[in-house]
Structures are given as structure tokens and as C-alpha cells.
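Worksheet: the structure to be examined is printed underneath.
The values are calculated or read from the model by the stated rules, or taken from the named source; none is laboratory data. Bear in mind the structure is a predicted one, so any value in this text is a computation, not a measurement. Every residue, glycine among them, receives a Cβ derived from its backbone with ideal geometry; neighbour counts consider all protein chains shown.
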Amino acid sequence: MAESKEGEPLYTTIKYKIIERIKSGEYKVNDQLPTESEFCNEYKVSRTTVRLALQQLELEGYITRIQGKGTFVSVAKIQTPIPQKIRSFAEQMQGLHSKSVIHELEVIPADHSISSLLKVEVTDPVIKLVRIRYADNMPLQYHTSYIPWKAAPGLNKEECTGSLFELLRTKYNVNITRGTESIEPILTDEIISGHLLVKVGSPAFLSESITYDDNDTVIEYAQIITRGDRTKFIIDQSYH
């Protein structure tokens, strides 16, 4: 019978036992896990306890539950460093096959919020670029960029599947030199869930960034929604 540590819910104990078996390789990627009943018998706990443990494992990205088929071990999370230097999506993927698919590209008038962020006038033309970012053919990010039209007039879809900042540098002589970024946890809505192929209400990260060129002019405001079940952010620190 499974015993919980003092002050730790029993379902948490079960969760960590299953995680240990995943990390040890006993349960491999895409392996089907035992049923709830089988876990109940093995650990001598109630179905409610097992169900709570599996719910936590799914939220944390260790398992995937498919209606009518069962529960399977998920692919390991992509470890994404939080860099001090601005890096492209391909660089952040650290060798995984990456690609961007253009979902939307249009010129819109800046509303009050966008005009404030980009430091342009209300109704000034702004390029809205929406890309779905893939890692090993799995949708990972829903990336929306807003760029002052005057910074990149004539931007077209065919050009935007690679590094946007490299395109701005080579075609428009715009050199990105610095940026600010914030990251916070969110839950996906119906639209984002559809694009990232996750359930509505799945955990995700929302990062918002503003980048500047060498004249300290705002070049891009971006909103990036990243799947929480597939991503772990890593921070390198040094102490002197």
C-alpha cells in the first residue's frame, strides 16, 4: 500500500511514483500506462486518488489521456533557456526540427493599446503577423507580432517563415539591439487550443515582448503563447 509523506496528499505520492517510473525508462514515450483500476490495485488506493494523480500528471505534461483509448506517456518537455541575448526560435529549439507557418499577415490601423506600445499614432498602419511555431512537427507556439508599417513596408508571407529579425536586418536595414520580455502562466481559450492542438483550459505561458533597434525605436510588440505541457524554461545563473 502506498504511504504518503507527512503533510503530502496521497495522490501527490502516487504522482511522484509514476514520474519516477517514467524517468527511469520503465514507462517510455508513447507507452500506454495501466488503467485506473490497475493502478488502484497496485498501490492499494482509491480510484479518486489515482484519478487526481493522473490529472496532475496530465497538467504537468507527463502523460496524455485520449478518450476511448487510454493514457500514454508524453514526449519530454522542450527545455527552453531564457537568454540574455535575443535568439531566434530555431536557436531556442536547440537542434529540434523547427518551422513557422504563417497563419495571418495583414495591415491594420493601430488602436490605442497598440499605438501606445509601438509609440505610433492611433490609426497609423501596423503589420499584424501571426505565426504557428512547430518543434518536431508539433505545434508549440502561437506567435503574434505587431510591427510599424513604416519599419517594414511591403512585408509578405513568403519572407516570414524564417527569422523575422534577420529579415528586418537584411531587407530593411533594421538592427534589433535590445528588448524587454515578461512571462506569465495562462489557460488556453478555444481559439488558441485549436491552433496548438490542446484541450481548452490547458496550461500555457504568455510572453509579451517589446524590441528596439539601434536608434531605440520600437520595432515589434509580440505576444507568444507557448504550450505549458511541452515547455520548461531554464534560467542560467552565476554567483560572484
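Within the range 172-193, which residues are of a type in the set (Val, Ile, Thr) and touching a residue at least 40 places away in the same chain (Cβ under 8 Å)? Of everything in the range 172-193, those that are of a type in the set (Val, Ile, Thr) and touching a residue at least 40 places away in the same chain (Cβ under 8 Å) turn out to be Val174, Ile176, Ile183, Ile192. For the range 24-47, the tally of residues that are out of contact with any helix residue (DSSP H, G or I) (no Cβ under 8 Å at 6 or more places or on another chain) and either among the polar types (S, T, N, Q) or closer than 24 Å to Ala204 by Cβ (or both) stands at 6. Looking at the structure I just gave you, is Phe89 at pLDDT below 85 and buried (at least 16 other Cβ atoms within 10 Å of the Cβ)? Yes: the conditions hold for Phe89. Take the conditions farther than 22 Å from Arg65 by Cα and touching a residue at least 24 places away in the same chain (Cβ under 8 Å) and apply them to Lys157. Does it pass? Against the criterion (farther than 22 Å from Arg65 by Cα and touching a residue at least 24 places away in the same chain (Cβ under 8 Å)), Lys157 qualifies.
Taking the options Ile183, Ile219, Ile176, Ile210, name whichever one is touching a Leu at 6+ places or on another chain (Cβ under 8 Å), more than 19 Å from His103 (Cβ to Cβ), in the same structural domain as Val107 (by TED's automatic domain parsing) and modelled with pLDDT under 90.
The conditions single out Ile183.
Residues that are modelled with pLDDT under 90 and of a type in the set (Gly, Ala, Ser) within the range 101-115 comprise just one, Ser113. Applying the criterion of being of a type in the set (Gly, Ala, Ser) and over 16 Å from Arg230 (Cα atoms) to the residues of the range 27-73, the residue that is surrounded by the most Cβ atoms within 10 Å (Cβ to Cβ) is Ala53.
Within the range 117-142, residues that are in contact (Cβ under 8 Å) with a residue 24 or more places away in the chain and closer than 16 Å to His103 by Cα sit with their Cβ atoms under 9 Å from residues that are of a type in the set (S, T, N, Q) and part of a loop (DSSP other than H, G, I, E, B), at 6+ positions apart or across chains, in these pairs: Tyr142/Thr188.
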